[in-house]
Structure formats: C-alpha cells, structure tokens
1. At a 10 Å Cβ-Cβ cut-off, how would you order I340, I67, fewest neighbours first?
2. As a test of the formula, what do you get for the chain when each DSSP H run with n ≥ 4 contributes -39,500 (n - 2.57) and the sum is divided by the residue count, at 222 nm and rounded to the nearest 500 deg cm²/dmol?
3. Taking the Cβ of F59 as the centre, find all other residues whose Cβ is under 14 Å away and add up their charges (Lys, Arg: +1; Asp, Glu: -1).
4. Sort D114, D88 so that the residue with the fewest other Cβ atoms within 10 Å of its own Cβ comes first and the one with the most comes last.
5. With a ≥ b ≥ c the root eigenvalues of the C-alpha gyration tensor of the range 209-265, is it rounded (a/c under 1.5), prolate (a/b larger than b/c) or oblate?
6. What FRET efficiency do you get for E219 and F344 if R0 is 35 Å and r is their Cβ-Cβ distance, rounded to the nearest 0.05?
7. Set the Förster radius R0 to 41 Å, insert the Cβ-Cβ distance between E359 and L188 as r into 1/(1 + (r/R0)^6), and round the FRET efficiency to 0.05.
8. Report the net charge of residues surrounding N263, where surrounding means a beta-carbon distance below 11 angstrom and charges are Lys +1, Arg +1, Asp -1, Glu -1.
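Laboratory data are not the source of any read-out in this text; all were calculated from the coordinates shown. It should be emphasised that the depicted structure is a prediction, and the values quoted were computed from it without experimental measurement. Counting neighbours? That spans all protein chains shown, and the Cβs are built from the backbone with ideal geometry, glycine included.
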Amino acid sequence: MAGPIQVNERIVLYDIIRGFALCGIFLVNIPSMLGSDWIFGNPMYEGSDLFVRTLFDLFIQTKFYTIFSLLFGIGFSIFLERSYARGDSVGRYIRRIVILFLFGLAHLAIWSGDILHTYAMWGLLLPLFYGLSNRAILTWAWGLLITSFVLFYGSSIYLEWALGYTSIAGPFPTAFNSGFGPWFDYRLETEIFDMFVNSLFAGFEIFSLFLFGLYIGRERKLLTWSIRGLTRTAIICTIAALPFFAVIIWHHYGGGAAYGSTNSAAVLISGKLLATVYVCLFTIAVRNGRAFRPLQALGRMALTNYLTHTLVVVLPVIALGYYGRLSLTEGLFLSIAILIAQAFFSMWWLKSHRYGPFEKLWRIGTYGTQAK
C-alpha cells in the first residue's frame, strides 16, 4: 500500500523530480542556445515551429524553473537542518552559495541564460528566513510572488490593452556568427550586465519560490502528504490552468498574436499550476513504487548535466557560426537526443562514482577534506 516516503526514499524522490525538471529546463533553454528565436534574423514562428512553440508555452515554459526553485528551497532546509544538527554555523552554507555563484559567473560568461548566479545572489537571504514561523514564511512567499507578478506583468498587460503597446524584437545578434572574439566582446559589453540587472528583478519571483520550497522541506510535505491530497491538488490545479491554456492557444492560433504580454502572464500562471501538478504526479508515482532510474541519474548529476548543456550546444554553435540557423523543431529533436545521451552517461558514471564531476567539486568546496 502506498504511504509516506521513508527516510531512505527521500533523496530518490527529489532526484527524480530534479531530473525531470532538468529535461524541461533544457527544452526551454535550447531556443536561445541555438538562436532558434532568431532564424535568419526573423523571430517569428510558423508551421511545425509554431506548433512546438505552442506546446512549449502550454507544458514546459516557466514550469520547470519553478520546480527547480522549489527544490532549491527544499534542499536549503535540509542542508541547514543537518548543519545545525552537526553544530555547524551558517558559514558553511554561505561558502556553498559563494561556490555556486562562481559556477554561475563562469557559466554566464558563455551563455546569458545562466540561473546559478541568480540562485546564489538570492539564496544568500534564505538564512534570514529559516527561523521564521511557517505562517510568516508563507506570507512572505505569497507576498513576493503576487508583487512580482503585478509589477512586471500587470503593468505590461495594462500598456498592451489600454495603450496598444507592442514590444518590438531587437536586431539579430550578428556577433554570434562572427567567431569567438566578437561574440565574447558582445557578451561582456552587453549581455552579462543586462543579465545581472534581470537577476535583480526576476529574483523577487525566484525567492518567493525558494520560500515555498523552504516551507515544503521543513514540513516534509512531499514525504508525508496523503495520496488523496496529492491527487486532489493535481486535479484542482489542472482545472485551474485550463483558462490560461485557452489564452495561450488564442495568442498563437487565434486573434491574439499582438498580445505577447498577456500570453506571457498566462504562461507564468499556468506554469505555477502545472508545476504543482507535475510534482504531485511524480510523488504519487514514487509512492507506488516507480523508480524512474534515468531521471534519478539525471537528477543526481543535475549541476553537471546543466552545465554540460552549454558546453555541447553553445560553444559548437558559436565555433561553426551556426547561431540562428536551426529551427525550433530541429532544436527539439537535438535536445531530446542530448538528454537521452546524458541519461545513459549519468547512469554509467554513477555506477562507479557517488557524485557527478561538478557536484564533487561543489561538495569539496563546501566541506573541504570532509567530502567523500
């Protein structure tokens, strides 16, 4: 009979969910990695690419960084709880965050979509909230989430509907097909600064998800929640997402092509709802004995696999001058092939190693000679 997840199953559940989220994040990232949003300088979709873009907005976009952020908060609660139990200070957590920030900086130098530096910047604030009551944590979480939505989406929707404002895409980044020198200069002069600014604004939403994860981890919600409660929550969130799915389809296939901000808001809200559905369904499946071994392996090596995505996609694209030359559909099949290869590699690697390469470095940096 399915029941609460036992102690030795907890990491397995989180690894499975993390591995699933990694797959979704790569699918979301592949268009910007390949420049599929800028095919020959024209950021428009049609045919199979329009269909894929619609599927992305319905089932992938914003769903998976939401799950990753929740897992970060859950992992923080576990890390700090165990650290305090050993008598460690918060200094070890800060060291861990600084190392994550350094990983993010190196990754950001290659690709503008890095999320690690954002996690590190805002993750430094989590110890300030660890001692708060559950009610206070949830109040902060909901307050930050709603505030970020109103400020960054509500104003855009108002401009779109009241004033007819339509955002205009920027010029095609030709420096990306001019070799490593011009590409890196463009990164340093334009993109990296913009990404730090974006991290400050996007961090309000990210940090709210950290706090939800902190609450979930501290209360062991995924480990003890009843199957009935998980099922009911998944059904409710699915039904609640349907009106936003209608907006997304209207934007892509109906008469709402000009309402990009409205579509983005629908994608964001449906993302939070569908992320909840995904987490509930995987938790139910694990309770019923499903192992999902490829996802386990991907999740255990999530940091290594995440960084490898950039190395095997972005650098070859820049080297070959192929930015913006692969369609979204081609990028989808490429990303699926890479994820399958990573799953096999991760399972092979973990047969003889406890951690992935970058996970090992992170652990040594955190614990020093205590790392095993």
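1. I340, I67
2. Numbers: 17 runs with 271 residues, N = 372.
Counting only the DSSP helices, I get -24000 deg cm²/dmol.
3. +2
4. Working: D114 23, D88 14.
Lowest to highest Cβ neighbour count: D88, D114.
5. oblate
6. The value I calculate is 0.45.
7. FRET efficiency, E359 to L188: 0.90.
8. Taking every other residue near N263 into account, the sum is -1.
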